[in-house]
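Asks: Just passing along the structure, written as structure tokens.
The values are calculated or read from the model by the stated rules, or taken from the named source; none is laboratory data. Nothing here was measured: the structure is a model prediction, and the numbers come from that model. Glycine also receives a Cβ, built like all others from the backbone with ideal geometry; neighbour counts cover every protein chain displayed. Ligands, DNA and RNA are excluded from the accessible area calculation, which covers all protein heavy atoms including side chains. Shrake-Rupley method; radii C 1.70, N 1.55, O 1.52, S 1.80 Å.
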Amino acid sequence: MSTPPDTGPATPHPQDREAGEGQKLWGGRFSAKPDALMQAINVSIEVDRRLWGQDLQGSRAHCRMLARQGIISQADADLILSGLDQIEAEIEGGAFPFRAEFEDIHMNVEARLAELIGPVAGRLHTARSRNDQVATDFRLWVREACDRSIQMIRDLQGALLDKADAHAASLMPGFTHLQPAQPVTFGHHLMAYVEMLGRDAGRFADARTRMNESPLGSAALAGSPFPLDRDMTAEALGFDGPMANSLDGVSARDFALEALAAASICAGHLSRLAEELVIWTTPQFGFVRLSDAFSTGSSIMPQKRNPDAAELVRAKTGRISGALVALSTVMKGLPLAYSKDMQEDKPPVFEAFDAMEVALAATTGMIRDLSINADRMAAAAGAGFSTATDLADWLVRELNLPFREAHHVTGRAVRRAEELGVGLADLPLEDLKALEPGVTMDVYAVLTPAASAASRTTYGGTAPEQVRRQIAAWKARLEDERR
């Protein structure tokens, strides 16, 4: 390894001399303060102060690397690390002086560090730019958000699995076009969401894998002339390695876009489930009930029980999908490497994941809270001639009719049942024989909703035995993840 350049004695930075006068940390080039409007549009501390933990984490890794590489002395590194510890204690204790004149979290930390330890604080920024600093901080934050989302999805899946297990054989109508289609079980219906959420967790995990490279050491855009050990800082921050191109390191925000895309898809799934809860809780359906904990009343109508938690989950999708569009629009026309536009990358991401976590927590709470009116669902399972396909299938299996002919016969049977005002299971045998002479009494065994659901034994079908197999498989999978 080459001998590092002699950095000489620490030179006091402008903030060491003039921080009390509001002088910027980059003030050496400028002789006048920014206009008040420029200050207002340029300041981001009220947003990016949320990155304080990641900023300290990155600064510690960078400081230790600088010392090990001989770029700064170990004594200076120890003093810097001690100051960073004090800053962390101040922030956690609510005593840290966040100040707009220092624009962002990075300069706030550095300015406070200078107040605590003096000119040595200026050595921390050696071989580092705010460009790679914010790229690193933001990547760490989004990575943690993905981890939290995965865990919350797993919690929701656990709630769905418990409810599905209790209702693996509870009948309900299955719908297409929101019209009665075929009988299914409530457990089978809930397991569809378990599968969707499993893919959601996979998308967050995939995004996490791709984002897990360290921008730190890219400096402003071109890398650094100092003998940095980027592998050391990457490892210290839990990254798989450093990013291979310094321009990409400071300018890439696709990691945030991919995380937002995963969040948007997941929010769509939560919204679909929320919509079904809204429908199912109506008196017209009456399939489920949410307790007072997840319902609200009306200021004028005393009888109302509004599923507001579900409705708000449904609405969060707009915020989350909107965040994806917002960040895509910010990034779409930017040349390499860093542009100030990218200061607007964090608000939509923070807002989206705040909404995502509330929606996941609320949905998990509602599923655990849910009480099921199994009798009401079972009674509705046979509505709308939902076993018509079972009749057609019986004609194919037992009488060897081509399916299209069986479909035609069944359609005429439905019309006759409508004329008589009865269900298919109550249609007289003579009427069925008039439509197809080969029909026997055995046909009635397949015309009940329970028989229909029980017959769907193919892999992934709604038969209770299949539902229980899928529940067991998912429970084992989640248990393996916890180990």
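Asks: Counting only C-alpha contacts under 8 Å and six or more residues apart, can you give the relative contact order of the chain as a whole percent?
Replies: Numbers: 696 pairs, mean separation 76.9, N = 483.
Averaging sequence separation for qualifying contacts and normalising by length gives 16 percent for the chain.
Asks: Taking the Cα centre of the chain as the origin, how large is its charge dipole in debye, to the nearest 20, when only Lys and Arg (+1) and Asp and Glu (-1) carry charge on their Cβ atoms?
Replies: 500
Asks: Could you tally the net charge around Q343, taking each other residue with its Cβ under 9 Å from the Cβ of Q343, Lys/Arg +1 and Asp/Glu -1?
Replies: In short, -3.
Asks: Hey, another quick one. Can you give me the relative contact order of the stretch 335-483 as a percent, contacts being Cα pairs under 8 Å and 6 or more apart?
Replies: Once normalised by length, the contact order is 17 percent.
Asks: Determine the calculated [θ] at 222 nm for the chain from helices alone, applying -39500 (n - 2.57) to every DSSP H run no shorter than 4 residues and normalising by the residue count; nearest 500 deg cm²/dmol.
Replies: -19500 deg cm²/dmol
Asks: Structure shown: which of K346/K475; K316/K475; K163/K316; K304/K346 lie over 30 Å apart, alpha-carbon to alpha-carbon? Don't skip to the answer; put the middle values down first.
Replies: Values: K346/K475 36 Å; K316/K475 28 Å; K163/K316 24 Å; K304/K346 40 Å.
From K346/K475; K316/K475; K163/K316; K304/K346, over 30 Å: K346/K475; K304/K346.
Asks: A further question follows. Of L113, I71, G241, which is farthest on the positive side of the dipole of the chain, counting Cα position, with +1 on Lys and Arg Cβ, -1 on Asp and Glu Cβ, and the Cα centre as origin?
Replies: G241
Asks: Let me ask something else. Taking the convex hull of the Cα atoms, report for the stretch 333-423 its projected area averaged over all directions, in nm².
Replies: Mean projected area of the Cα convex hull: 13.9 nm².
Asks: Roll a 1.4 angstrom probe over the protein heavy atoms and tell me the percent of accessible area of the chain that is carbon or sulfur. It would help to have the intermediate numbers written out before the result.
Replies: Values: 11820 of 22190 Å².
Roughly 53 percent of what the probe reaches on the chain is carbon or sulfur.
Asks: Take the alpha-carbon positions of the stretch 98-190, form their convex hull, and give its projected area averaged over all directions (one quarter of the hull surface) in nm².
Replies: 11.3
Asks: Something else: In Å², and per residue, what accessible area does the stretch 263-394 have when probed at 1.4 Å with the other protein chains present?
Replies: 45
Asks: Rank-order 400-410, 195-205 by packing density, defined as the average count of other C-beta atoms within 10 Å over each peptide's residues, highest first. Write down the numbers at each step before the final one.
Replies: Details: 400-410: 15.4, 195-205: 18.5.
Highest mean packing first, the order is 195-205, 400-410.
Asks: Towards the positive end of the charge dipole of the stretch 344-461, with charges on Cβ (+1 Lys, Arg; -1 Asp, Glu), say which of V409, A451, A355 has the farthest Cα.
Replies: V409
Asks: Can you work out the PRE-style zone for V422? Point 7 Å along Cα to Cβ, and I want the residues of the stretch 387-415 with backbone N under 14 Å.
Replies: Of the residues in the stretch 387-415, 413-415 have backbone N under 14 Å from the label point off V422.
Asks: Using unit Cβ charges (K, R positive; D, E negative) and no other charged atoms, how large, in debye to the nearest 20, is the dipole of the stretch 312-444 about its Cα centre?
Replies: 560
Asks: Related question: Using only the alpha carbons of the stretch 155-283, determine the length spanned along each of the three principal axes and report them from longest to shortest in whole angstroms.
Replies: Result for the stretch 155-283: principal-axis Cα extents of 70, 26, 22 Å.
Asks: Next question, about the same structure. Counting each pair of different Cα atoms once, what's the Kirkwood radius of the stretch 210-271 in Å, rounded to one decimal?
Replies: Working: mean 1/r = 0.0773 Å⁻¹.
Evaluated over the stretch 210-271, this radius sits at 12.9 Å.
Asks: What's the magnitude of the charge dipole for the stretch 250-350 around its Cα centre, counting Lys and Arg as +1 and Asp and Glu as -1 at the beta-carbon? Answer in Debye, nearest 20.
Replies: Rounded to the nearest 20 debye, it is 140 debye.
Asks: Report the convex hull volume per residue for the stretch 166-222, counting only C-alpha atoms, in Å³.
Replies: Cα-based convex hull of the stretch 166-222, divided per residue, equals 125 Å³.
Asks: How far is helix 346-369 tilted off the main Cα axis of the chain, in degrees rounded to 10, range 0 to 90?
Replies: 40
Asks: If you average the alpha carbon positions of the stretch 52-68 and of the stretch 285-355, how far apart do those two centres end up, in angstrom?
Replies: 34
Asks: Would you please state the base-10 log of I(q)/I(0) at q = 0.24 1/Å for the stretch 49-136, with intensities from the Debye formula using one equal scatterer on every alpha carbon?
Replies: The computed values of log10 I(q)/I(0) come out as -1.30.
Asks: Which one, I91, P173, Q470, is farthest towards the positive end of the dipole of the chain when Lys and Arg carry +1 and Asp and Glu -1 on their Cβ?
Replies: Value computed over the given set: P173.
Asks: Let me ask you something else. Let me know the whole percent of all Cα-Cα pairs from the chain that are separated by more than 29 Å.
Replies: 62
Asks: Relative to 2.2 N^0.38 Å, what does the C-alpha radius of gyration of the stretch 347-483 come to as a ratio? Two decimals please.
Replies: Against the compact-globule rule of thumb, the ratio is 1.53.
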